[in-house]
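Presented below is the structure to which this report refers.
The values are calculated or read from the model by the stated rules, or taken from the named source; none is laboratory data. Please read all numbers here as calculations on a predicted model, not as lab measurements. So basically every Cβ, Gly included, is an ideal-geometry build from the backbone, and we count neighbours across all protein chains shown.
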Amino acid sequence: MYFVRDWQAQPPPVAALTIGNFDGVHRGHQALLNKCRALADGQPVGVVSFDPLPIEVLFPERAQGRVTSTRQRIHELAEYGADVLWLLRFNQALAQQSPDSFIQRVLVDGLAVQHVVVGDDFRFGHRRAGTIASLRAAGALYGFEVHTQKTIADQHERISSTRLRHALSAGDVSAAGDMLGRPYALQGRVIRGQQLGRKLGFPTINIDVSGWPCLLTGVFAVRLELEAVELRHKTTHNHPFAGRLWDGVASIGYRPSVTDTVSHNRHLLEAHIFDWSGDLYGQRIRVNFIRQLRAEQEFSDLSLLIEQMQQDARQARALLKDY
């Protein structure tokens, strides 16, 4: 995927594109990308997105956190068919851009687009003044077609990133997975931790998720896989961990029962992988969250923590056996 960030950048032209925040790349986002691919007919598909998310700049007091990190959002957009991603740095200057200016700079001069696909509630530009009608008027002037994608809903209501955030805040990864059309997952590089889990009989891999506003906390049954990326000039396909999904149990949060002199109790994802022993330091791992087992809790001594960890592992094994 061709990736650019600057407002002044000159990305390659695309046949079709869509615009949005794409936090989580849920089933509604996937429908937009599918429509783009159909309209592009084998030609490049583009996405225009924003980082930080606009709400984090305009209304920080209302920001709820994110479904995924920026890096994971980029990876998922490529996975679902984006050939070009223009990830604009959202700031007050960009927020002040008029709809006409945004159309001219991004859609016409920037990407020379032929087809623009947006949701049926799409608004854009300063104070959200741009509408689908004004976008269509610009398309008639500049030579691109505007297509709308009907809202994707489940048995409850419209699928949205807001609903995803609410589900994750509650630990409901099952509901999140339904909205995503795949298990909710976090990706990251395995780092060195305090190695307390090894001493307690539950060696873990550690992934630091404190660099972005991750919403998830608790203990979960998980399935793990090695990301298929080039690492240290060697393909991860050659790693003994590669090629299958590994069951495990994971804790994500701030570990209130442990004083951590290594990560200083930052938001950390720790996963114990069943029936695996080996070195995964530096590797990028994808952790798929299947079901929440319990909320994060504090224990008065390590013996109680060990007893609970053993119970968590038994419960996760039983659940994943039938999943």
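A count restricted to region 40-63 and to residues that are surrounded by 19 or more Cβ atoms within 10 Å (Cβ to Cβ) and either over 22 Å from the mean Cα position of the chain (by Cα) or not assigned by TED's automatic domain parsing to the domain that holds W86 (or both) stands at 2.
Residue-wise test of (1) acidic (D, E); (2) touching a strand residue (DSSP E or B) at 6+ places or on another chain (Cβ under 6 Å); (3) at pLDDT 95 or above.
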site	(1), (2), (3)
G81	no, yes, yes
W86	no, yes, yes
P99	no, yes, yes
Q104	no, no, yes
V117	no, yes, yes
D121	yes, no, no
A138	no, no, yes
D154	yes, no, no
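For the residues A170, A185, A175, the requirement of being closer than 22 Å to A316 by Cα, at pLDDT 95 or above and in contact with a helix residue (DSSP H, G or I) (Cβ under 6 Å, 6 or more places away or on another chain) singles out A175. Residues in region 265-323 that are touching an Asp or Glu at 6+ places or on another chain (Cβ under 8 Å) and among the small types (G, A, S): how many? Going through region 265-323 one residue at a time, the tally reaches 1.
Applying the criterion of being surrounded by fewer than 13 Cβ atoms within 10 Å (Cβ to Cβ) and among the small types (G, A, S) to the residues of region 293-318, the residue that is nearest to L168 (Cα to Cα) is A295.
I103 passes every criterion in (1) touching a helix residue (DSSP H, G or I) at 6+ places or on another chain (Cβ under 6 Å); (2) under 24 Å from S161 (Cα atoms) apart from (2). The number of residues in region 51-95 being of a type outside the set (D, E) and over 18 Å from R5 (Cα atoms) comes to 13. For region 111-136, the set of residues classified as surrounded by 13 or more Cβ atoms within 10 Å (Cβ to Cβ) and free of Cβ contacts under 8 Å to residues at least 40 places away in the same chain consists of R123, G125, H126, G130, T131, I132, S134, L135, R136, listed by residue number.
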